[in-house]
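These notes are about the structure you will find just below.
The values are calculated or read from the model by the stated rules, or taken from the named source; none is laboratory data. Computed from a predicted model, the values in this text were never measured in an experiment. When we count neighbours, we look across all protein chains shown, and the Cβ atoms used for this are built from the backbone with ideal geometry, even at glycine.
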Amino acid sequence: MSAYPFQSCLPDNINLELLVLLDSLSSADNFIRSNAEHSLNSNWLSSKDQNQVLLVFLAEQASFSQNVSSRAFSAVIFRRIAIKSPIYLNDPLAKSISVIPNSSKSKIRSILLQGFNHPDQPINIRHKLADAIAELAKSDVSPDWPDLLESIINATTNQSLPSIRESAFRLISQTPDLINVSHINQFLPVFQNGFNDENDEVLIACSNAFVAYFEVLPKQSWQLLATLLPDLMNILPKLLNNGKDSSLSSVLESLILLIELAPKLFKDMFEKIIEFCSLITKNKNLEQNCRISSLELLTTFSEVSPQMCKSNSNYINSIIILSLSLMTELSPDDDEYSDWVNNTNIDDDEDEIEYDSGRQTLDRVSLALGGQSLVDPLFHFLTQMISSTSWRERQAALMAISSASEGCRDVLINKIDAILNLILPLLNDPHPRVQYACCNTLGQISTDFATTTQVQYGYRIIPALISKLTNDSITRVQTHAAAALVNFSENASKEVLEPYLDDLLTNLLILLQGNCRYVQEQVLTTIAVVADSAEQKFLKYYDALMPVLINFLKTDNENSDIKLLKAKCIECSTLIALAVGYEKFQAHYDDLINIFVNYQQSITDENDQMIPYLQQGWGRLCRIIGPQFVPYLQLILPPILKSAKYQQDIAILDEDQANELEQNQDWDVIQLGTKHIGVHTSILDEKVSSIELLKTYCVVLKQNFYPYVKEIATQIILPGLDFYLHDGVRRCCALTMPSLLRFDSRIILSDETLKLWKSIVDKIVSSLISETSTELLISYYECLIECLCILDQDNAVTDDQLLYFAKAIYKNLLECYKRIKERESNFDEYSEELEDNNDVDVDEELLDNINSFIKFVFKFRRSKLIVLINILLNDNQDLSIKSCGFNIIADMIEFCGPDSYLYKDLFEDTLKVNLANDTNLQIKQLSIYIIGLCSQYGGRNYNGYCLNRLTRLFYLATIPETSEIAVVSVSSVCSNAEGEELVLWLKTEVPKIMKILILAAYNRSIIAQNAKRLVQCLKILLGKLGNEAALQMIHTYPAETQHQIQKLFTN
């Protein structure tokens, strides 16, 4: 390579050695490249000193190498190594560029900036240098780099080089936090100039940078940037008028991100946005991406600002019209539908992107806005389209009902009859795609409106779908009718299905014996689901179906298509066997087992598509035959244990690698700090399936499965809670733990059981404290509750474990409280407060599980967990948490009995306040209930406490909202009242109680059984006073009052 045109920081011998290495790394020869990679790792990445030398060298080459290809390659390698975790550090989140000395960082920064600003730098190299500079500029690497801001500003004003202006904005996009609040006024003109740039690439880069900066800026400063929105919006018509479709699409995508952040900023221009986006989406002459982006922008408004959309009828009509219009843009050159029919990959209808976008938009908008806003305007258009002479409009109308049904469920569930009147006539439409759409809609409403559809409209839907399971229908319609029947049957009872099983299974069996592979696969799935739902009603059809399935499984044909069909046969045959039971299945048991054994022994490829079907089939056979299954464990467990032991396969990625891997469905890419982490999710999904199978064997085989329990617990389940990059693994492991305890059926727990339980407790408590997912916390508490149910002994929870639980529960409750408070105070002037009932439901479920768990702890350890009560009853806390606390008090009193009196001070004042004041009804009812429990379970020490609440309880018993629960508590207190203070209390309070009851009787606020029970309670109190004293008390009243008392006692 030619001599350097600059003065290198490195000695010549180092440069020479690394130039040879760099050349070898880019070699097309695998052997040379492999040796170079080995040398790179062992000689240059294994120590900090060599690492910093390498990074300086790569920065110089990326900036100034005379070979342009070498510059590009060096820039890529620099960035990749810079963000890579150093080999010499045991820290996967560290970056090589972060840990090298500041002196080396300074050299690298200077070199890269020189290369970036060089006027002759090619565009692609400048962009790569900008990416490298961005990594250096991130806060965890170089928190202070004042020269960079000045360089960026100068670059954005460079009139002679559009590429340097574009690269400068790319830099801002990647490191927006480089510009702090104090720089806003300095950068406003920078963005404004960018929005008015003549170069499209600069416009796009500026838009991206503006949104990225907006996102990191504190909300109180957003209004300053909002002054530039008109400039940003003015880009759109300019690009449209100049025919720059691709650039327009890119700016729209940036705008979508901004709308997600602050939709209210666009309120005043909402009408113009609707008009502009409608114009773009309708224009079939524009590029596809441009039209789809404009529709996506409008759709985003419905999700982030539903109230603004609901209040704008123009928006609703426009988004419906645009969606329906796009849904008619399918198969433009296939009126005779031959391409569609002949496409054997029925899940892949290509070149229908506009159609799919229309469907997805309608689905998302309906979920966001609901039926009250959408149904009437939508069906105004659908009724016209369904009667259209164009098959595309009829098909679109049907698929629109499918798309909108889930979101509009609140309204459409009451209109199922009318919907069926619209769609069922089209089941026999002349065009097969309309028939297909009709089947799709019937299947969708069977899912979205379950079980109403099954119970009330099965008599219309099932015969209609069965009619398409004949050779009069084309194969794709047959398949979709069978698939719709799966949707219907999954939510149908055997009583609903029974009248139609003859016709249904006759038609399915005929299709099964045809020669269309994808029809046969779907038919097998449908039969399996119908059998699962029909249960014993399926016995009648067993003899006709099972021999056919077994005979097919015995065939020798092993090509890939036949193999998948055999896999479906395995699924179908085992589900049928499970439905009819062992007695009926017994005749074919040996045949099916032998087939399974042969398949299991013949599998050599770990990716064989039959494996998951075979493993699930083995699991069903185990459930059918129980302990007889044990001899087959040695054959089937090794591959299941192997996949259940899969470890987390992760990779630290640069941005290019992350973008590439995001296209791979076997991997997920997550952002962790400043790093892209690739997670091989497909093998972890396989791990989850294997663990669930192991759980099945544990539950079914119990002590027969004991030889495998220790290996599963120590090598799979307990370590599985550390799989922090896959929620499914952690959840599955937690819910499998209780099954591992079921092998011990002895009354006295064995040492092995207690040891395993201790391991479970230690791991779960650690996870309770560290877990950030509320859904997983719910699973962890479910695990503990089920474990305690299984153990069911006083020594199940030790004092140390109890302390761990208390700490974990305290932390979980505090975090729950913070989430609730955040939701309550979540006002935002830039975005709407979206109703996320799921978050509320999840927190309530977590509180319920915590309460249930504490109930079990009280049962076993009585008064040991009282320390939590004071936390839960803090007056400033949320209603849900208070309710949880009151439930715990109730459990404590019930299970701790008289011992609970020691902790009365923790709750007595709170109960007194809640009984006296106009508090929340739920809390008041719980307070009343607890007084009754104190009397029933608390013993003599509670007598005075309960008596002092009794008069108030009598009054609450006369209030309709609290009458039922108060009467029960009054009865309990009156029955258990005793003690030296009782007589004095009776003389003071009974007259007050009589007055309460007389007034209530007069106002008829207590009637029937409640009135009788309260009077009976009063009689009990008078009886405790003694007959003579009671009569004297009554005789002190005026004659009229005595008459009312007599009437009260006799009614």
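If the condition is being assigned to a loop (DSSP other than H, G, I, E, B), without any contact (Cβ under 8 Å) to a residue 40 or more places away in the chain and of a type in the set (Val, Ile, Thr), then region 909-958 contributes only Thr919.
The sole residue among Gln671, Gln634, Gln665 that is within 30 Å of Arg742 (Cβ to Cβ), out of contact with any Pro (no Cβ under 6 Å at 6 or more places or on another chain) and surrounded by fewer than 16 Cβ atoms within 10 Å (Cβ to Cβ) is Gln634. Taken as a whole, the structure places Asn242 among residues that are free of Cβ contacts under 8 Å to residues at least 12 places away in the same chain and farther than 24 Å from Asp363 by Cβ.
Evaluation of Gln435 against the conditions (1) more than 31 Å from the chain's Cα centre (by Cα); (2) surrounded by fewer than 22 Cβ atoms within 10 Å (Cβ to Cβ); (3) part of a helix (DSSP H, G or I) shows that the sole unmet condition is (2). Considering region 355-385 alone, what residues qualify as being surrounded by 21 or more Cβ atoms within 10 Å (Cβ to Cβ) and more than 27 Å from the chain's Cα centre (by Cα)? Once the filter is applied, which keeps residues that are surrounded by 21 or more Cβ atoms within 10 Å (Cβ to Cβ) and more than 27 Å from the chain's Cα centre (by Cα), region 355-385 yields Leu378, Phe379, Leu382. Here is the figure for region 386-432: residues that are of a type in the set (A, V, I, L, M) and either closer than 23 Å to Asp339 by Cα or under 30 Å from the mean Cα position of the chain (by Cα) (or both) total 13.
The test for being under 20 Å from Asn440 (Cα atoms), among the hydroxyl-bearing types (Ser, Thr, Tyr), at pLDDT 90 or above and assigned to a helix (DSSP H, G or I) does not hold for Ser533. Only residues that are touching a Phe, Trp or Tyr at 6+ places or on another chain (Cβ under 7 Å) and modelled with pLDDT of 95 or more were counted in region 464-476, giving 1. Residues that are out of contact with any Leu (no Cβ under 7 Å at 6 or more places or on another chain) and at pLDDT 65 or above within region 861-882 comprise just one, Leu879.
Given Ile683, Ile691, which one is surrounded by fewer than 20 Cβ atoms within 10 Å (Cβ to Cβ), of a type in the set (A, V, I, L, M), without any contact (Cβ under 8 Å) to a residue 60 or more places away in the chain and assigned to a helix (DSSP H, G or I)? Don't jump to the end; show me each part of the working.
Numbers: Ile691 fails: surrounded by fewer than 20 Cβ atoms within 10 Å (Cβ to Cβ).
It is Ile683.
When Lys710 is tested against (1) out of contact with any Lys or Arg (no Cβ under 9 Å at 6 or more places or on another chain); (2) buried (at least 16 other Cβ atoms within 10 Å of the Cβ), exactly one condition is not met: (2).
Out of Glu296, Glu275, Glu260, Glu271, which single residue is among the acidic types (Asp, Glu) and closer than 21 Å to Ile353 by Cβ? Don't jump to the end; show me each part of the working.
On the way: Glu275 fails: closer than 21 Å to Ile353 by Cβ; Glu260 fails: closer than 21 Å to Ile353 by Cβ; Glu271 fails: closer than 21 Å to Ile353 by Cβ.
Glu296 is the lone residue from the list that is among the acidic types (Asp, Glu) and closer than 21 Å to Ile353 by Cβ.
Among the residues of region 999-1014, the ones that are at pLDDT below 80 and either among the β-branched types (Val, Ile, Thr) or surrounded by 21 or more Cβ atoms within 10 Å (Cβ to Cβ) (or both) come to 4 in all. Of everything in region 602-661 that is at pLDDT below 90 and of a type in the set (Ser, Thr, Tyr), the residue that is farthest from Asp532 (Cα to Cα) is Thr604.
Scanning region 601-611 for residues being surrounded by fewer than 17 Cβ atoms within 10 Å (Cβ to Cβ) and in a helix (DSSP H, G or I) gives a total of 2.
Checked against the criterion of being of a type in the set (Gly, Ala, Ser), assigned to a helix (DSSP H, G or I) and surrounded by fewer than 19 Cβ atoms within 10 Å (Cβ to Cβ), the candidates Ser302, Ser318, Ser293 yield just one match: Ser318.
In region 692-717, what count of residues is obtained for those that are more than 15 Å from Glu752 (Cβ to Cβ) and either charged (D, E, K, R) or within 25 Å of the chain's Cα centre (by Cα) (or both)? Before the answer, list the steps.
Residues of region 692-717 more than 15 Å from Glu752 (Cβ to Cβ): 692-697, 699-701, 704, 715-717.
From what is left, the residues that are either charged (D, E, K, R) or within 25 Å of the chain's Cα centre (by Cα) (or both) are 692-696, 716-717.
Qualifying residue count for the region: 7.
Does region 391-404 include one or more residues that are in a helix (DSSP H, G or I), surrounded by fewer than 19 Cβ atoms within 10 Å (Cβ to Cβ) and outside the structural domain of Met327 (by TED's automatic domain parsing)? No, every residue in region 391-404 fails to be in a helix (DSSP H, G or I), surrounded by fewer than 19 Cβ atoms within 10 Å (Cβ to Cβ) and outside the structural domain of Met327 (by TED's automatic domain parsing). When Thr470 is tested against (1) part of a helix (DSSP H, G or I); (2) more than 30 Å from the chain's Cα centre (by Cα), just one condition goes unmet, and that condition is (1).
What are the residues in region 61-94 that are charged (D, E, K, R), within 16 Å of Ser46 (Cβ to Cβ) and touching a residue at least 24 places away in the same chain (Cβ under 8 Å), if any?
Here is the first cut: in region 61-94, the residues charged (D, E, K, R) are 71, 79-80, 84, 91.
Add one more test, that the residue is within 16 Å of Ser46 (Cβ to Cβ), and what stays is 84, 91.
Of everything in region 61-94, just one residue is charged (D, E, K, R), within 16 Å of Ser46 (Cβ to Cβ) and touching a residue at least 24 places away in the same chain (Cβ under 8 Å), namely Lys84.
Do you know which of the residues in region 553-571 that are under 17 Å from Asn594 (Cα atoms) and in contact (Cβ under 8 Å) with a residue 12 or more places away in the chain is surrounded by the fewest Cβ atoms within 10 Å (Cβ to Cβ)?
In the first step, residues of region 553-571 are kept if they are under 17 Å from Asn594 (Cα atoms); the result is 553-556, 566-567, 569-571.
Narrowing further to those that are in contact (Cβ under 8 Å) with a residue 12 or more places away in the chain: 553-554, 566-567, 569-571.
Working: Leu553: 19, Lys554: 12, Lys566: 24, Ala567: 23, Cys569: 24, Ile570: 26, Glu571: 21.
Among residues in region 553-571 that are under 17 Å from Asn594 (Cα atoms) and in contact (Cβ under 8 Å) with a residue 12 or more places away in the chain, the one surrounded by the fewest Cβ atoms within 10 Å (Cβ to Cβ) is Lys554.
Being surrounded by 20 or more Cβ atoms within 10 Å (Cβ to Cβ), farther than 28 Å from Thr227 by Cα and of a type in the set (A, V, I, L, M) narrows it down to one of Ile87, Ile125, Ile152, so name that one.
On the way: Ile87 fails: surrounded by 20 or more Cβ atoms within 10 Å (Cβ to Cβ); Ile152 fails: farther than 28 Å from Thr227 by Cα.
Checking each option against the conditions leaves just Ile125.
Taking first residues from region 597-610 that are closer than 14 Å to Lys554 by Cα and partners that are exposed (fewer than 14 other Cβ atoms within 10 Å of the Cβ) and of a type in the set (A, V, I, L, M, F, W, C), the Cβ contacts under 9 Å between residues at least 6 apart in sequence or on separate chains come to Val597/Leu635; Gln600/Leu635.
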